[in-house]
Amino acid sequence: MGRGPSIFRFDAFGHTLDDARVKTTSGGVLTLICVFTIFVLLINEYRDYRTIIIRPELVVDRDLERKLNMNLDITFPKLPCDMLTMDIMDLTGDIQADVLEGGFTKMRLDKSGNEISIEERFDVNKEESLVSDDSQYCGSCYGAIDQSNNDNEPDQSKKVCCNTCEAVKAAYANAAWKFYDGEGIDQCEKEGYVKRVNERLNEGCRIKGSAELNRIGGNLHFAPGSSISMSDRHVHDLSLYDKHNDLFSFDHIVNHFAFGPDDHHKTLHSKSHNYTTTHPLDGREMAIGEKYHLYSYFLKVVNTRFEYMDGEVLETNEFSVSQHDRPLKGGRDDDHPNTIHARGGLPGVFFYFDISPMKIINREEHKKTWSAFILSVCSAVAGILTVFQILDKTIWTAHKILKEKKNT
């Protein structure tokens, strides 16, 4: 041995001589149980380490200037397409009137819900066709717009004319007049509008499409008749809707409603995440059967990003929804007598959306890191060995005490 402190002094793992050890049957049994328990725990720890989870992080949303994409597919079994109007309004006062004439398609349905015609895109100028071959023709607006100066205006392009049924309909809406089905209006009769509307009164309608919204609160709604804003009010022409007492209702089926990429459910549908959290309205059906009834949905939209382990990043939006409906006549609720509904309103389906200033970042990752896995394995092995060592010592001590008492 050399001089100075020996390295043996720092040995924390001192050993006993084999001759001083006593092996017992109980010790052998405990050893086998200990090995089996460690093996099971190691398998469970490895499975836990390989488990993939979505770990959310909440941050301030800095993408408020970006537009919010909305995808919609909704069916109205008891309302013809010609009567439906869809408007989008936000808190800034901006109004996208009659969006159905733009980025949406209408599909006619029969009473059984079967398609009558293929999907047809309704463009803004779809019915803007002349009803006369005379280039000097200037259709009457039937008093809805002042045309008294037309006789003194030599320039045909500067005359106030309603050459189409749609133009007359718009003039009536601006004057807040009831248009009904256009019967008696020459332009509508010649274009076949009156015949078409009355032939389709018993049809349904399915609407599909997408739109871009400002990332601020507002509402999207379906209502009957042409819409117009006047005197700080947004109103609809309900003349045709009111004309037939035994027809029409806003019973509906929400086939699909989402904010963000329309096909992102293919990516989100995994073991670590259920995509239905981004489509809580899909399959929602309301069939009360009341003509004058208001359906309201209140949506809380949160900007969401999914970051996957393979490097793919998905920008979408999740939302929660609460639903409320009431009759326009107001009064006490039939099912809840203590609830008194407000009176008035507009028959239709309203989606009120509120945009959250926060953003959720969902990162896909292993439940445990490699270092955490090693630490868990060491802790499990050490814990099991310690417990079984204490158990073995307890059994050995008890055996010695009983043996001594027996000998005496």
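The values are calculated or read from the model by the stated rules, or taken from the named source; none is laboratory data. Note that the structure is predicted; figures quoted are calculated from it, not measured. Don't worry about glycine lacking a Cβ; one is built from the backbone with ideal geometry, like all the others, and counts go over all protein chains shown. The area values use the complete protein model at the heavy-atom level, side chains included, leaving out ligands, DNA and RNA. Shrake-Rupley method; radii C 1.70, N 1.55, O 1.52, S 1.80 Å.
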message: If R₀ is 35 angstrom, what is the calculated FRET efficiency for the pair A372 and E285, using the beta carbon separation as r and rounding to 0.05?
response: 0.15
field: Sequence of K23, K111 when ordered by accessible area, the most exposed leading, probe 1.4 angstrom
entry: K23, K111
statement: Computed over the stretch 340-408, protein heavy atoms only, probe 1.4 angstrom, the accessible area per residue in square angstrom equals 67 Å²
task: Enumerate the residues in the stretch 282-315 having an amide nitrogen under 11 Å from the point lying 7 Å beyond the Cα of D335 toward its Cβ.
output: 287-288
query: What's the extension gain from H324 to F39 if we count 0.36 nm per residue and subtract their Cα-Cα distance?
result: 97.1 nm
Summed side-chain charge close to V254 - residues other than V254 whose Cβ falls under 14 Å, Lys, Arg +1, Asp, Glu -1: -2
message: If DNA, RNA and ligands are ignored and the probe is 1.4 Å, what is the ranking of H366, H399, H279 by accessible area, most exposed first?
response: H399, H366, H279
task: Principal axes first, then extents: for the Cα atoms of the stretch 289-408, list largest minus smallest coordinate on each axis, whole Å, largest first.
output: 99, 48, 25
message: Just to verify a number: what accessible area does R66 come out at with the full protein assembly present, 1.4 Å probe, Å² rounded to tens?
response: 100 Å²
query: Counting only DSSP beta bridges with both residues in the stretch 275-408, what percent are antiparallel, rounded to the nearest 5?
result: 55 percent
statement: Two pseudo-spin positions, 7 Å from Cα along C-beta at D354 and at S229, lie apart in nanometres by 2.3 nm
statement: Once both label points are put 7 Å beyond Cα along the C-beta direction, the L402-D110 separation in nm becomes 8.7 nm
query: Tell me, what is the 1.4 Å probe accessible area of C138, in Å² to the nearest 10?
result: 40 Å²
- prompt: Mean shadow of the stretch 156-268, computed from the convex hull of its alpha carbons, in nm²?
  reply: 11.3 nm²
message: Tell me the accessible surface of M83 in square angstrom (1.4 angstrom probe, heavy atoms of protein chains only), to the nearest ten.
response: 10 Å²
task: Report the FRET efficiency, 1/(1 + (r/R0)^6), for S135 and R196, where r is their Cβ-Cβ distance and R0 is 25 Å, rounded to 0.05.
output: 0.40
